[in-house]
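Visitor: Can you keep this structure in mind? I'll have questions shortly.
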Amino acid sequence: MNAILLLIILLFLSLAWVGKKQGMLTFLGLFLNCFLLFLLITLVNWGFSPLIVLVVMAVLILSVAIFLSTGRSRVLTITWQSAIIVLIFIVGLAYLAQYMGYLQGYTLENSDELEGLSMAVGIDFGSLAVIVMVISALGAIAEAAMAVTADLFEVVERTPDITLDSLKKQGQVIGSQILGTAINTLFFGMLGANIPLLVWFFRLHYSLSEFLNAKLLIFEVVTMLLGMLGILAAIQVANYLVEHAFAKEGREILNESDIYVD
């Protein structure tokens with residue numbers, strides 16, 4: 001038994017023990033999303049349009065991540081709508097970043113691993129870079145949208161006489177709290193994953209200009225920034241959709257939310 005299989009078993013047992021039925025659904029969602037990622041890679045390799053494949057698979061990944069969560073059906077619906085809107089925004093930004101930064105392909109740091117291999121694989125590396133950037137941001141987008149939407153619904157439920165202005169203020173407070181923790185999570189995740197690369201740069205005495213223009217590092221930084229922008233956009237869009245629903249329906253938005261998706 002290797003380490004990966006052991007960790008998967010421990011994760012499954014932990015989810016089943018702590019989350020019970022929801023933990024099992026979470027593990028199933030992870031499995032399904034892994035399958036969707038494999039399918040995405042396969043379809044791109046077969047020559048399908050990377051943009052179309054990316055959008056379709058990203059929507060499916062978000063749907064699995066959101067609708068396999070426990071919560072009010074209305075909360076899940078608004079969360080999904082927020083995530084899809086932000087997805088379109090992030091795809092556009094990713095293509096713009098790739099076009100302006102020319103981030104695709106390999107670098108000198110990859111030369112040892114690639115020596116003797118052919119780069120003529122028939123796949124647009126620019127599109128692959130966009131796919132990596134977008135897929136890396138999906139989890140953060142779904143999490144931020146879900147957190148804001150669920151918290152605002154709780155505020156409406158627990159405050160019978162709340163006004164739209166008060167709800168907007170609560171949304172700003174909740175959004176600022178979620179924004180700080182989510183951005184820190186992305187930042188330290190990127191930093192921790194790239195510590196060996198940073199050590200490599202320092203040991204090879206990279207100059208400041210070489211450090212700031214290192215393609216490997218800049219690609220990770222751009223991916224992190226896209227994730228942060230995605231979190232910010234998800235918070236704002238989720239706030240707007242909940243406020244719009246409340247302004248249109250008032251506390252009646254809770255009527256359809258009494259049914260929980262388990």
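Visitor: Helix 125-158 versus the longest principal axis of the chain: what angle, 0 to 90°, nearest 10, using Cα atoms?
Guide: 20 degrees
Visitor: Excluding residues on the same chain fewer than 8 positions from residue 248, give the lysines whose Cα lies under 19 Å from its Cα.
Guide: Filter leaves 168, 169.
Visitor: How far is helix 3-45 tilted, in degrees, relative to the longest principal axis of the Cα atoms in the chain, given as a value from 0 to 90 rounded to the nearest 10?
Guide: 60 degrees
Visitor: To continue, here is another question. I want to make sure I understand the PRE zone here: with the label point 7 angstrom from the Cα of residue 164 toward its beta carbon, which residues in segment 236-250 have backbone N atoms less than 14 Å away?
Guide: Taking a point 7 Å out along Cα→Cβ of residue 164, the residues of segment 236-250 whose backbone N falls under 14 Å are 240-250.
Visitor: Still on this model: Return a whole-number percent for the relative contact order of the chain, with Cα pairs under 8 Å and 6 or more residues apart as the contact set. Present the calculation step by step, with values, prior to reporting the outcome.
Guide: Numbers: 244 pairs, mean separation 75.8, N = 262.
Rounded, it is 29 percent for the chain.
Visitor: Using helices alone, what [θ] at 222 nm do you get for the chain, with -39,500 (n - 2.57) per DSSP H run of 4 or more residues, divided over all residues and rounded to the nearest 500?
Guide: On the way: 9 runs with 207 residues, N = 262.
Computed ellipticity for the chain at 222 nm equals -27500 deg cm²/dmol.
Visitor: What full-extension length gain, to one decimal in nm, is calculated for residue 203 and residue 254 as 0.36 nm per residue of separation minus the Cα-Cα distance?
Guide: That works out to 12.5 nm of additional length.
Visitor: Then there is this: Which percent of the Cα-Cα distances in the chain go past 27 Å?
Guide: So the portion of pairs separated by more than 27 Å is 48 percent.
Visitor: Accessible area of residue 244, 1.4 Å probe, to the nearest 10 Å²?
Guide: Only protein atoms counted, so the area is about 100 Å².
Visitor: Related question: Once neighbouring chains are kept in place and the probe is 1.4 Å, which whole percent of the accessible area of the chain is contributed by carbon and sulfur?
Guide: On the chain, the fraction of accessible area on carbon and sulfur atoms equals 69 percent.
Visitor: Angle between the Cα long axis of helix 73-101 and the longest principal axis of the chain, 0 to 90 degrees, nearest 10?
Guide: The two axes meet at around 30 degrees.
Visitor: While we're looking at this one, here's another question. Under a 1.4 Å probe, what is the accessible area of the chain per residue, stated in Å²?
Guide: Using a 1.4 Å probe on heavy atoms only, each residue of the chain averages 58 Å².
Visitor: Moving to a separate point now. Just 162, 174, 66 to compare: in a GNM of the chain, with alpha carbon springs under 10 Å, which one fluctuates most?
Guide: 162
Visitor: Could you run the Karplus curve 6.51 cos²θ - 1.76 cosθ + 1.60 with θ = phi - 60° over segment 179-191 and give me ³J(HN,Hα) per residue in whole Hz, x for Gly and Pro?
Guide: 4, x, 5, 5, 5, 4, 4, 5, 5, 6, x, 5, 5
Visitor: Relative contact order of segment 7-89, please, whole-number percent, based on alpha carbon pairs below 8 angstrom and at least 6 residues apart.
Guide: Computed over segment 7-89, the figure is 26 percent.
Visitor: Name the residue farthest towards the positive end of the dipole of the chain from the options 35, 91, 175, assuming +1 on Cβ of Lys and Arg, -1 on Cβ of Asp and Glu, about the Cα centre.
Guide: Among 35, 91, 175, the one farthest towards the positive end of the dipole of the chain is 175.
Visitor: State the Cα centre-to-centre distance between segment 216-247 and segment 11-86 in whole Å.
Guide: Cα centroid to Cα centroid, the span is 18 Å.
Visitor: Under a point-charge model restricted to the Cβ atoms of Lys and Arg (+1) and Asp and Glu (-1), what is the dipole moment magnitude of segment 123-251 relative to its Cα centre, in debye to the nearest 20?
Guide: 220 debye
The values are calculated or read from the model by the stated rules, or taken from the named source; none is laboratory data. Here the structure is a predicted model, which is why all the values come from computation and not from measurement. Cβ atoms come from the backbone with ideal geometry, glycine included; neighbour counts cover every protein chain shown. We work out accessible area using only protein heavy atoms, side chains counted, and drop any ligands, DNA or RNA first. Shrake-Rupley method; radii C 1.70, N 1.55, O 1.52, S 1.80 Å.
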